[in-house]
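Read through the structure below, which is laid out as structure tokens, and then see the notes.
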Amino acid sequence: MKTVEEKLQDVRRGALPRVPRPAFLLVLLGFLCACGGQPPPAPAPKHGHASQGAVSLISAGGIGQWIKDNRGKAVFVNLWATWCPPCVAEMPQLNAFHKSMDPGRVSLLAVSVDDPSRMESTVAPFVKKHGLGFPVRVLDSTSPDELGAALGIEFSGAVPVTVLFSPAGELVRTWEGEVTSETLRAALAGVKY
């Protein structure tokens, strides 16, 4: 049996002690139980806006649920893609709009129609590079018909498309093509809270 000092010398030389597999699994299980199997919570968003960078998948049904979860607010859903020049051009406008709005009254969700397999390699870096402060999701393999039905619109699959819902969850307006922050602000003037 080696002394503690001998074990430390082995570690310094790079000869790590062999940990029996059951012991390793017990330590790993203990760690997972201690943290609830979940990553630490994200820091609170600054100024009430969603934090940037966290991109995840969403289904057409998930978009519908997001709209329901934001009842009481005017809700904008923007359909876009990283490969679409007008979509890329409108992102600074959407970001400026989002930053200028009261998060207690207005929500914005950007849903990328990029291939879901490119979420980590393309969409997440795009969000980080452009400092987008609103939630961004990547649409899973939902068809344009399912997506259109979830949003209550006729959706051809062409992007960008921006949809406005009232605080009651009713469809107010749809824009096909690039939008500006001024256009979205003007549309809010007609929304009843």
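The values are calculated or read from the model by the stated rules, or taken from the named source; none is laboratory data. Since this is a predicted model, take the numbers as computed values, not measurements. With ideal geometry, Cβ positions are generated from the backbone for all residues, glycine too; neighbour counts draw on all protein chains shown. The protein model used for the area step is the full one, side chains on, heavy atoms only, and it has no ligands, DNA or RNA in it. Shrake-Rupley method; radii C 1.70, N 1.55, O 1.52, S 1.80 Å.
A few notes on this one:
- Answer residue from region 113-140, given it is in contact (Cβ under 8 Å) with a residue 40 or more places away in the chain and closer than 17 Å to K99 by Cβ and is most open to solvent (accessible area, probe 1.4 Å) among those: K128
- Residue in region 107-130 that is on the phi > 0 side of the Ramachandran plot and out of contact with any Lys or Arg (no Cβ under 6 Å at 6 or more places or on another chain) present: no
- Close pairs from region 167-193: first within 15 Å of K73 (Cα to Cα) and among the hydroxyl-bearing types (S, T, Y), partner surrounded by 11 or more Cβ atoms within 10 Å (Cβ to Cβ) and at pLDDT 95 or above, Cβ under 7 Å, at least 6 apart: Y193/R105; Y193/P167
- Restricting region 142-173 to residues that are touching an Asp or Glu at 6+ places or on another chain (Cβ under 9 Å) and surrounded by fewer than 16 Cβ atoms within 10 Å (Cβ to Cβ), the residue that is nearest to A96 (Cα to Cα): A158
- Of residues in region 94-112 being among the small types (G, A, S) and open to solvent by less than 40 Å² (accessible area, probe 1.4 Å), the one nearest to T142 (Cα to Cα): S112
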